[in-house]
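Data block below; observations after.
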Amino acid sequence: MPVAPPRPKDLALNALRAFEAAARLGGFAAAAAELGVTPGAVTAHVKALEARLGADLFQRGAKGVELTALGARVLPAFTEAFDALGLAQHVLRAEAAPRAVHIATLPAIAQLWLSPRLPALRAAMPEVAISITAMEVPPNLKRAPYDLSLFPGDQGQVVAEDWLFPVCAPAMAAQLRNPEDLRNLPCLMDLAWSDDWRLWADQAMPGQPFAPRGPAFSLYALAVEEAVNGAGVLMAHGALVAGHLARGALVAPLSHRVKLPQALRLWSARPLRAGQPVERVARALGAS
């Protein structure tokens, strides 16, 4: 009679994914954030994998975890494999829904730069469904289900250079004739870009210690609206307030501007085929 022994079980894919993410990112908490699970779930997956293998992949210590020699040897192959799997999923989604384009970007960029451009995109490409997801850090496009990322950085197509300069409502402009006048005015701050005032002041007011005083906001778009409302002076990112300046809702009384090293860039993890919806959207945004 034929022999049909039971097939040995494969290692659990979720456990392998948890190991790879934790090893690549250097910790279980970072892996949990990327995978959208709890750190406890990552820990449980890795422990189950180690138990199945009968070997440790991480060394646990008071300062966190470190890869064992075995873990370090196998990590590159798993990273390459999961990158390839992620890109294959991109291709599958694109083939299954070729008229859907999903963009990931910062909340401020989504509200102040991207949103004003969506009507023109929809008018030019009515057959394309454009979705926007706002997030604070760029996703790993080799793994995450987004077609394009739009973030300040050094990778991808430049869509706008980023300049810092103070802006305020027109009624406040008379009080702001030189940088020293900022000491007497409320300075609006965005918590995510808390270093903006220092970067600008170091060049505009060299050798003069300056500590901005004023309310802080967790949403840059809210800080912009408060500047429009006359609540104070905002250290603006030029690309994000261009519309407000063009409408006259905000003005830039001081001439000094500081160019940031990282421009606003549009990036995709896979080559874009000419004429496809993703490529058309990327081209239109790059030209806007």
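Here is a check on your reading of the model: is residue 199 of a type outside the set (Val, Ile, Thr), on the phi < 0 side of the Ramachandran plot, in a helix (DSSP H, G or I) and surrounded by 12 or more Cβ atoms within 10 Å (Cβ to Cβ)?
On the way: of a type outside the set (Val, Ile, Thr): yes; on the phi < 0 side of the Ramachandran plot: yes; in a helix (DSSP H, G or I): yes; surrounded by 12 or more Cβ atoms within 10 Å (Cβ to Cβ): yes.
Answer is yes for this residue.
Has region 36-51 got any residue that is closer than 20 Å to residue 269 by Cβ and surrounded by fewer than 16 Cβ atoms within 10 Å (Cβ to Cβ)? Quick ask: steps written out before the conclusion?
If we filter region 36-51 for residues that are closer than 20 Å to residue 269 by Cβ, which is where we start, we get 36.
Now drop any that are not surrounded by fewer than 16 Cβ atoms within 10 Å (Cβ to Cβ), which leaves 36.
Checking region 36-51: at least one residue is closer than 20 Å to residue 269 by Cβ and surrounded by fewer than 16 Cβ atoms within 10 Å (Cβ to Cβ).
Scan region 134-148 residue by residue and report those that are under 20 Å from residue 30 (Cα atoms) and either part of a loop (DSSP other than H, G, I, E, B) or of a type in the set (S, T, N, Q) (or both).
Start the filter on region 134-148 by keeping residues that are under 20 Å from residue 30 (Cα atoms), which leaves 134-146.
Within region 134-148, 135, 136, 137, 138, 139, 140, 141, 142, 143, 144, 145, 146 qualify.
Can you pull out every residue in region 1-36 that is hydrophobic (A, V, I, L, M, F, W, C), touching a residue at least 12 places away in the same chain (Cβ under 8 Å) and closer than 21 Å to residue 85 by Cα?
11, 12, 15, 16, 18, 19, 21, 22, 23, 31, 35
Hey, does region 160-171 have a residue that's assigned to a strand (DSSP E or B), at pLDDT below 95, out of contact with any Cys (no Cβ under 7 Å at 6 or more places or on another chain) and within 30 Å of residue 129 (Cβ to Cβ)? So that I can check it myself, show each step before the final result.
Of region 160-171, the ones assigned to a strand (DSSP E or B) are 160, 163-168.
Now restrict to residues that are at pLDDT below 95: 160.
After this cut, where a residue has to be out of contact with any Cys (no Cβ under 7 Å at 6 or more places or on another chain) as well, the list is 160.
Restricting the remaining residues to those that are within 30 Å of residue 129 (Cβ to Cβ) gives 160.
Yes: one or more hits.
Can you tell me which condition residue 269 does not meet? The list is (1) in the same structural domain as residue 149 (by TED's automatic domain parsing); (2) outside any loop (DSSP other than H, G, I, E, B); (3) of a type in the set (Gly, Ala, Ser), and all the others hold.
Failing condition for residue 269: (2).
Regarding region 167-186, can at least one residue be identified that is out of contact with any Asp or Glu (no Cβ under 9 Å at 6 or more places or on another chain), buried (at least 16 other Cβ atoms within 10 Å of the Cβ), among the aliphatic types (A, V, I, L, M) and not assigned by TED's automatic domain parsing to the domain that holds residue 230? Show your work before the answer.
Start the filter on region 167-186 by keeping residues that are out of contact with any Asp or Glu (no Cβ under 9 Å at 6 or more places or on another chain), which leaves 167-174, 176-186.
Within this subset, residues satisfying the condition of being buried (at least 16 other Cβ atoms within 10 Å of the Cβ) are 167-169, 172-173, 176, 179, 182, 185-186.
Subsequent filtering for residues that are among the aliphatic types (A, V, I, L, M) retains 167, 169, 172-173, 176, 182, 185.
Subsequent filtering for residues that are not assigned by TED's automatic domain parsing to the domain that holds residue 230 retains none.
No, every residue in region 167-186 fails to be out of contact with any Asp or Glu (no Cβ under 9 Å at 6 or more places or on another chain), buried (at least 16 other Cβ atoms within 10 Å of the Cβ), among the aliphatic types (A, V, I, L, M) and not assigned by TED's automatic domain parsing to the domain that holds residue 230.
Could we say that residue 238 is of a type outside the set (Ser, Thr, Tyr), surrounded by fewer than 16 Cβ atoms within 10 Å (Cβ to Cβ) and either modelled with pLDDT of 95 or more or not assigned by TED's automatic domain parsing to the domain that holds residue 116 (or both) here? Give the steps one after another, and end with the answer.
Working: of a type outside the set (Ser, Thr, Tyr): yes; surrounded by fewer than 16 Cβ atoms within 10 Å (Cβ to Cβ): no; either modelled with pLDDT of 95 or more or not assigned by TED's automatic domain parsing to the domain that holds residue 116 (or both): yes.
No: the conditions fail for residue 238.
So residue 246 ticks every box in (1) in contact with a Gly (Cβ under 8 Å, 6 or more places away or on another chain); (2) farther than 23 Å from residue 198 by Cβ but one. Which box is left unticked?
The one condition residue 246 does not meet is (1).
Exactly one condition in (1) under 18 Å from residue 172 (Cα atoms); (2) surrounded by fewer than 16 Cβ atoms within 10 Å (Cβ to Cβ) is not met by residue 207; state its number.
Going through the list (1) under 18 Å from residue 172 (Cα atoms); (2) surrounded by fewer than 16 Cβ atoms within 10 Å (Cβ to Cβ), residue 207 breaks only (1).
Is it true that residue 213 is assigned to a loop (DSSP other than H, G, I, E, B) and in contact with a Cys (Cβ under 8 Å, 6 or more places away or on another chain)? Spell out how you get there, then give the answer.
Working: assigned to a loop (DSSP other than H, G, I, E, B): yes; in contact with a Cys (Cβ under 8 Å, 6 or more places away or on another chain): yes.
Answer is yes for this residue.
Any residue that is outside any helix (DSSP H, G or I) and touching a residue at least 12 places away in the same chain (Cβ under 8 Å) - is there at least one of those in region 66-82?
Our first condition is that a residue be outside any helix (DSSP H, G or I); within region 66-82, this holds for 66-68.
From what is left, the residues that are touching a residue at least 12 places away in the same chain (Cβ under 8 Å) are 67-68.
Yes - at least one qualifying residue is present in region 66-82.
Going by the conditions given, is residue 68 surrounded by fewer than 17 Cβ atoms within 10 Å (Cβ to Cβ), touching a Ser or Thr at 6+ places or on another chain (Cβ under 8 Å), over 25 Å from residue 248 (Cβ atoms) and among the hydroxyl-bearing types (Ser, Thr, Tyr)?
Details: surrounded by fewer than 17 Cβ atoms within 10 Å (Cβ to Cβ): yes; touching a Ser or Thr at 6+ places or on another chain (Cβ under 8 Å): no; over 25 Å from residue 248 (Cβ atoms): yes; among the hydroxyl-bearing types (Ser, Thr, Tyr): yes.
In short, no.
The values are calculated or read from the model by the stated rules, or taken from the named source; none is laboratory data. Only a predicted model underlies this, so the values are computations on that prediction, with no experimental measurement involved. All Cβ positions, glycine included, derive from the backbone under ideal geometry; neighbour counts span all protein chains shown.
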